Amino acid sequence: MAEPRVPGSGGDGIELPCGETITPHDLDMGLREFECACGDSHAVVMDMHPLGRFVPESLADVLRATVEPADEFDEFTTAHLMGIVMEEFPEAVVAEDLSEDGQVGYAMLWLSDFDSRRLHEVVVELLVELMEHAMSHAGDDDAMAEFEAQMLEFDVAEFVDAYRRERDFESEHDSAI
């Protein structure tokens with residue numbers, strides 16, 4: 001006999017890209033990575049995680065000021081960023097709307113097949129592509145050439161390593177999850 005389900009209770013759970021199932025109540029708001037029963041680690045992103053989780057606040061400020069979302073949001077958010085990731089890697093990311101579940105403390109949840117470090121690299125790579133696309137529409141050939149020259153020197157893995165060290169992502173006391 002089927003068990004009754006309470007609305008917003010998470011039902012049977014969320015199926016991860018690896019096929020395992022978890023409930024949103026298994027995840028606390030500060031979690032950035034989930035150690036799965038499949039043996040892999042999966043990145044965890046929640047809508048209340050700031051853009052500063054992935055890039056310096058100065059860049060997050062630029063994104064919020066310049067990228068105009070095509071939805072009800074006033075500014076570019078983590079939800080938009082994860083939408084870009086999902087568009088590029090649809091099989092590797094699961095999104096769950098938990099806005100009806102008042103017990104979890106967040107409205108949207110994304111779980112990826114990538115670990116948190118690889119997701120960080122993916123996000124930075126996609127943001128560079130977004131910036132390059134914006135520069136191509138600016139109509140300034142000199143600015144585009146300068147941007148491309150700077151990107152030739154930009155090492156995504158090195159940036160992610162340095163940013164994660166600076167942010168101390170291994171500490172439970174990281175202030176900007």
Would you mind computing, in nm to one decimal, how far apart the modelled labels at HIS25 and ALA134 are, each placed 7 Å from Cα along Cα→Cβ? 4.1
Which of PRO24, PHE114, VAL85 sits farthest toward the positive end of the charge dipole of region 1-142, with +1 on the Cβ of Lys and Arg and -1 on the Cβ of Asp and Glu? PRO24
Give me the dipole magnitude in Debye, nearest 20, for region 1-160 about the Cα centre, with unit charges on the beta carbon: positive for Lys and Arg, negative for Asp and Glu. 540
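In the chain, once you exclude exposed GluC sites (Glu not before Pro) (DSSP loop, at most 13 other Cβ within 10 angstrom), what's the longest stretch remaining? Provide the component values of the computation, followed by the final result.
Values: sites that count: GLU72, GLU91, GLU100, GLU170, GLU172.
Result for the longest clean stretch: 1-71.
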As an exercise, use a Förster radius of 25 Å and the Cβ-Cβ distance of GLU100 and VAL62 to find the FRET efficiency, rounded to the nearest 0.05. 0.15
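How many Å² of accessible area per residue for the chain, probe 1.4 Å?
Numbers: 10420 Å² over 177 residues.
So the chain comes to 59 Å² accessible per residue, rounded to a whole number.
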Cα axis of helix 78-88 to longest principal axis of the chain: angle in degrees, 0 to 90, nearest 10? 90
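The values are calculated or read from the model by the stated rules, or taken from the named source; none is laboratory data. In this text, all values refer to a predicted model and were calculated from it rather than measured experimentally. Note that we place each Cβ from the backbone using ideal geometry, even for glycine, and neighbour counts take in every protein chain shown. The area values use the complete protein model at the heavy-atom level, side chains included, leaving out ligands, DNA and RNA. Shrake-Rupley method; radii C 1.70, N 1.55, O 1.52, S 1.80 Å.
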